[in-house]
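J.: Quick one: structure below, then a few questions.
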Amino acid sequence: GSGRSAYAPRPGELPDIVLRVQIVSCIDLLAKDKGGVSDPFIIVTVLRDRFCTSALKKTVNPVWSPQDATFDFQLYHSLADKLGVVEFVI
């Protein structure tokens, strides 16, 4: 191959657009810890870029502040046919 990742833009290519994702909250998550609570966090992935919120302790109804849960994904024309989905893992 060219030595370039399948998800890497062309060398020197500038992004066409920035997709901004803000995680706000979750309601009634499954309790995974003793005492009926969890320490939830969310991983957001687009292509090769992945961001993670902070973990919030002992809650099933987490609410994140914008500064802790706003993520910018740079999107490139050369990768448009590979975009697929925005993946959220809680």
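J.: As an exercise: evaluate GLN67 against (1) free of Cβ contacts under 8 Å to residues at least 24 places away in the same chain; (2) surrounded by 14 or more Cβ atoms within 10 Å (Cβ to Cβ); (3) not in a loop (DSSP other than H, G, I, E, B) and give the number of the one condition it does not meet.
T.: In the conditions (1) free of Cβ contacts under 8 Å to residues at least 24 places away in the same chain; (2) surrounded by 14 or more Cβ atoms within 10 Å (Cβ to Cβ); (3) not in a loop (DSSP other than H, G, I, E, B), GLN67 misses (2) alone.
J.: Part of a loop (DSSP other than H, G, I, E, B) and touching a Lys or Arg at 6+ places or on another chain (Cβ under 6 Å) - does that describe any residue in region 35-44?
T.: So in region 35-44, the residues part of a loop (DSSP other than H, G, I, E, B) come out as 35-36, 38-42.
Subsequent filtering for residues that are touching a Lys or Arg at 6+ places or on another chain (Cβ under 6 Å) retains 38-39.
Yes, there is a match, as at least one residue in region 35-44 is part of a loop (DSSP other than H, G, I, E, B) and touching a Lys or Arg at 6+ places or on another chain (Cβ under 6 Å).
J.: In addition: Take region 2-29 and flag every residue that is modelled with pLDDT of 90 or more, of a type outside the set (Lys, Arg), open to solvent by 70 Å² or more (accessible area, probe 1.4 Å) and part of a loop (DSSP other than H, G, I, E, B).
T.: PRO11, GLY12, LEU14, ASP16, VAL24, ILE27, ASP28 - these are the residues of region 2-29 that are modelled with pLDDT of 90 or more, of a type outside the set (Lys, Arg), open to solvent by 70 Å² or more (accessible area, probe 1.4 Å) and part of a loop (DSSP other than H, G, I, E, B).
J.: Here is a further query. What is the one condition in (1) loosely packed, with under 11 Cβ neighbours inside 10 Å; (2) at pLDDT 95 or above that ARG50 does not satisfy?
T.: Checking ARG50 against (1) loosely packed, with under 11 Cβ neighbours inside 10 Å; (2) at pLDDT 95 or above, the one that fails is (1).
J.: Every residue in region 70-83 that is within 14 Å of the chain's Cα centre (by Cα) and open to solvent by 70 Å² or more (accessible area, probe 1.4 Å), please.
T.: GLN74
J.: Considering region 30-42 alone, what residues qualify as being open to solvent by 60 Å² or more (accessible area, probe 1.4 Å) and aliphatic (A, V, I, L, M)? Please lay out each step first, then the result.
T.: The first filter runs over region 30-42 and keeps only residues open to solvent by 60 Å² or more (accessible area, probe 1.4 Å), leaving 30, 32-35, 41.
Answer for region 30-42, where residues must be open to solvent by 60 Å² or more (accessible area, probe 1.4 Å) and aliphatic (A, V, I, L, M): just LEU30.
J.: Search region 71-90 for residues that are charged (D, E, K, R) and pair each with any residue that is surrounded by fewer than 11 Cβ atoms within 10 Å (Cβ to Cβ) when their beta-carbon atoms are under 9 Å apart and the residues are at least 6 apart or on different chains.
T.: Within 9 Å, the pairs are ASP72/VAL18; ASP72/ARG20; LYS82/ALA6.
The values are calculated or read from the model by the stated rules, or taken from the named source; none is laboratory data. Keep in mind the model is a prediction, meaning the values are calculated, not measured. Cβ: placed from backbone, ideal geometry, glycine included. Neighbour counts: every protein chain shown. Note: areas computed on protein heavy atoms with side chains; ligands, DNA, RNA excluded. Shrake-Rupley method; radii C 1.70, N 1.55, O 1.52, S 1.80 Å.
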